[in-house]
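Shown next, in structure tokens, is the structure this report addresses.
Just so it is clear, none of the values below were taken in a lab; they were calculated from the coordinates. What you are looking at is a predicted structure, and each value in this text was computed from that prediction instead of being measured. Neighbour counts run over all protein chains shown; Cβ positions are idealised from the backbone, glycine included.
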Amino acid sequence: MKRVGVVLLLAVLALIWHERLALQAFPGILSAYSAKEYCSCRYVMNNPPEYCQGYVKQYLPLSELLDDPAHQRVTASGLGQSNSAAWGGPRQGCRLLPAQ
Amino acid sequence: MGRYSIFAAAFTLLWAAHASAETWPGEDWPAAPTLPSPALQSLQDYAFPPRDDATRKGIRTDALVVIHDGRLIYEHYAAPTTASTPHLTWSISKSLLATVMGVAYGEGRFQLQDPVARYYLPFSAHPRVRIEDLLHWASGLDWQEDYEYAPLNSSVVAMLYTRGRGDMAAFTAAHSTYSEPGQSFRYSSGDSNVLSAALRGMLGNDRYADYPWQALFEPLGIRSAVWESDASGTLVGSSYAYMSARDLARVGLLMLRDGRWQQRQLLPANWVAFNRAPFAHAAAEPGEATPGGHWWLNQPLAGAIRPWPDAPVETFAALGHWGQALYILPAEKLVIVRYGDDRDASYQHNELLKRALAAFAGGGS
């Protein structure tokens, strides 16, 4: 039994090592998705703020969604990470800003 | 010489008469609204059921626009989308990128057999992948396209939002291979963004950023288009083009008329034929459209019925996440744009096409 436990533990550790890049990136998905798609919903498609909040809503809740209309810049926070997207022009639309 | 001029003049007159008999959009679409009928009501009932924004379940159409032979015969929108909303097209962007590349092809900038590495250096890691293979989503790269169900291992989520967002083509190029290039179909947003990077290499940075507008949108009178790029400046050819439903219908009319816009052959006829030819090594999947050259076809694959049984076999389409669709029905001279916000799988292409044919086939009268 003990040997099985050790093998299982090693297998889990190997899996974590194998997937380390994906696991590191995972917590950033929610805030990056929300910031980017809210920015585009609001400033490219010109939809109202209330609609865009519903539009980006996922099963996992955000801790914060900050829209700065003066700079057309959106910051979302969730799962311990923040990401921002900003509008860059009438043809360019929105883009995620480099991660802090 | 005199006789030649008379012939030339007569030909010009005949051509002008022929061209003026065709209807094309100017600043707006000429309109010929379809009169109410039970068939039209049935289409509208299917596309626009009452919406529940709390559960987001069921069919959630944002826009439905129908063009018959160059005339707007039907349109309907669900708030907040309007006739002027530049709606996200998601993966319709891929077929738009292919159409922009068709103009570049007509300008002699590349051949289908050219190695991608000639135009995009990081693909020297995959020297045998040709432009044609990317257009067939057959690069052979080990890509995972799942969006929502396997976020940890989804290549496309990593590309758009995390590890790939700085340079999406380079992120794709760093993938390993699972198959010989050109031998098997695996739908990949990465392949589309490498095409976008290859176009950048063909044109140079200065011409590239405005090329979709100069090559395609302006000639067609499209004014609502937005196309977002990654941090390296490569247009997100896989996912991030926006335009109004009426403007997307202009691309549909261009394809309906085999790449010709009024008197100008914008896309070579053999380019459109390539878009509409099934990929030889594709395998049938029930209900899934057949991959062509960065467009989707209703052509049946060996041993299977056609993907949308109630639509003509010549039907082809550009399709995107959450129910975006541009359908072209050549024999019926119909172009249909359907924008949506479908968060489940309720919406069926076949059902919409079936009801649209009942409502409009025969001329929208």
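Summary of values
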quantity	calculated
Rel. contact order, % - alpha carbon contacts under 8 angstrom, at least six apart, segment A:8-100	30 percent
Relative contact order [Cα under 8 Å, 6+ residues apart], chain B, whole percent	23 percent
Gyration tensor (alpha-carbon) shape descriptor, chain B, a/c threshold 1.5	oblate
Segment B:299-365 pair-distance distribution - Cα-Cα, 10 Å bins, rounded %	19, 51, 27, 3
Under the span-like rule (Cα at least 15 Å along the axis, Kyte-Doolittle mean at least -0.5), DSSP H helices of chain B	B:2-21, B:92-106, B:189-203, B:245-256, B:349-360
Segment A:86-94 - phi-based ³J(HN,Hα) in whole Hz, Karplus 6.51/-1.76/1.60, Gly and Pro as x	9, 6, x, x, x, 9, 8, x, 9
Local electrostatic count, B:R60, Cβ distance below 13 Å [Lys/Arg +1, Asp/Glu -1]	-1
Long-range HN-HN contacts of A:C94 with modeled amide H, under 5 Å	A:G88
About the Cα centre, charge dipole magnitude for chain A (Lys/Arg +1, Asp/Glu -1 at Cβ), debye	400 debye
From phi via Karplus (6.51, -1.76, 1.60), per-residue ³J(HN,Hα) for segment B:323-329 in Hz, x at Gly/Pro	x, 6, 7, 10, 9, 10, 10
Order of B:R130, A:R20 - criterion: other Cβ atoms within 10 Å of each residue's Cβ, fewest first	A:R20, B:R130
Normalised per residue, the volume of the convex hull around the Cα set of segment B:102-214 (Å³)	106 Å³
Overall form of segment B:219-281 per C-alpha gyration tensor (a/c, 1.5; a/b vs b/c)	oblate
Long-range HN-HN contacts of B:L141 with modeled amide H, under 5 Å	B:Y178
Among B:Q263, B:Q214, B:Q113, residue whose mean-square fluctuation peaks in a GNM of chain B (springs only between Cα atoms under 10 Å)	B:Q263
Subset of B:K57/B:K333; A:K36/A:K57; B:K94/B:K354; A:K36/B:K94 violating a 23 Å alpha-carbon distance limit	B:K57/B:K333; B:K94/B:K354
Candidates B:I305, B:I328, B:I92: whichever shows maximal mean-square fluctuation once chain B is modelled as a Gaussian network with Cα springs under 10 Å	B:I305
Fraction of alpha-carbon pairs over 28 Å apart in the protein assembly as shown - percent	53 percent
Whole-Å semi-axes of segment A:28-96's equivalent ellipsoid (Cα gyration tensor)	19, 12, 9
Placed amide H near B:D62: partners under 5 Å, 5+ positions off or other chain	B:Y339, B:G340, B:D341
Burial ordering of B:K94, B:K333, B:K57, A:K2, fewest other beta-carbon atoms within 10 Å first	A:K2, B:K57, B:K333, B:K94
Given 16 as the ceiling on other Cβ atoms within 10 Å, longest exposed-site-free region of chain B for chymotrypsin sites (Phe, Trp or Tyr not before Pro) in DSSP loops	B:188-365
Relative contact order computed over segment B:207-365 (Cα-Cα under 8 Å; 6+ residues apart), in percent	14 percent
Convex hull per residue volume in Å³, alpha carbons only, for segment B:198-324	142 Å³
